[in-house]
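Working notes, structure below.
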Amino acid sequence: GTGGPAIAASAPRPVLFVHGFAGSANQYASQAQRFESNGYPTGWVTGIDYDSTFGVAPMAEVWNRIDEAIADLRARSGVDQVDLVGHSLGTGVSQGYLNSSPERAASVAHYVNLDGASAAAPPGGVETLAVWGMGNPARTITGAENVSFPEQTHTEVVTSPQSFGAVYEFLTGEAPATTDVV
């Protein structure tokens, strides 16, 4: 072996993070380190930055940036699909992306909705995990796996070891070896 942690048989797939209003891709940096601590290759958990006021680029351009990021991750990793994670406003961006075309939805194996938009069905028909923090406990995505951390703030849900554990298990089918940054 390489001496590194074992990678789950059903993983890894690169992960693309879409931040919320006034956020940045850097909000997912600690989670990226947790994925790497569980055997994901460096650079396979990344995000896009965009103007969340949509004053510079309209939604269609943001979706094109997601297309480009997914194409890059697929080319670098050699896999057909990536996993998509959205937070807050980024869930609206991500849900719209997945619902915009069957081809876009087909490029995503799993979608994680972090404390954002509810939905009547998994976006684009993609297998979905919805993680909720404090706030209205009635929020849900119908047909998705819904997990609640009612003691965590809107931002903690993105960065906490607990949400990482739920997301990792959803994406790989097994619990992480660690939720620490190693």
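Shown for the stretch 138-182 is the translational diffusion coefficient from the Stokes-Einstein equation, using the Kirkwood radius over Cα pairs, a temperature of 4 °C and a viscosity of 1.567 mPa s: 111 µm²/s.
Computed over protein heavy atoms with a 1.4 Å probe, the carbon and sulfur contribution to the accessible area of the stretch 57-109 reaches 51%. When the surface is traced with a 1.4 Å probe over the full set of protein chains, T53 keeps roughly 90 Å² accessible. How large is log10 I(q)/I(0) at q = 0.11, 0.19 Å⁻¹ when the Debye formula is applied to the Cα atoms of the stretch 4-93, each weighted equally and without solvent? With no solvent term, the Cα-only Debye profile gives -0.31, -0.85. With coordinates expressed along the principal axes, the C-alpha atoms belonging to the stretch 46-120 extend over 33, 30, 22 Å, beginning with the largest. Both radii are taken from the alpha-carbon atoms of the chain; with Rh as the Kirkwood radius, Rg/Rh is 0.94. Spatial offset of the stretch 33-98 relative to the stretch 108-182 amounts to 16 Å, using the alpha carbon center of each.
Sorted on the mean count of surrounding Cβ atoms within 10 Å across their residues, most packed first, peptides 147-159, 90-102 read 90-102, 147-159.
If I require 24 Å or longer along the helix axis, counting alpha carbons, and a Kyte-Doolittle average no lower than -0.5, what helices from the chain are left? Use full DSSP H segments.
59-77
For the chain, the relative contact order is 22 percent, taking Cα pairs closer than 8 Å that sit 6 or more residues apart in sequence and dividing their mean separation by the residue count. The charge dipole of the chain, taken about the Cα centre with unit charges on the Cβ atoms of Lys, Arg (+1) and Asp, Glu (-1), comes to about 80 debye, rounded to the nearest 20.
The values are calculated or read from the model by the stated rules, or taken from the named source; none is laboratory data. Computed from a predicted structure; not experimentally measured. Please note: Cβ atoms are built from the backbone with ideal geometry, for glycine as well, and neighbour counts cover all protein chains shown. Accessible surface areas use protein heavy atoms only, side chains included; no ligands, DNA or RNA. Shrake-Rupley method; radii C 1.70, N 1.55, O 1.52, S 1.80 Å.
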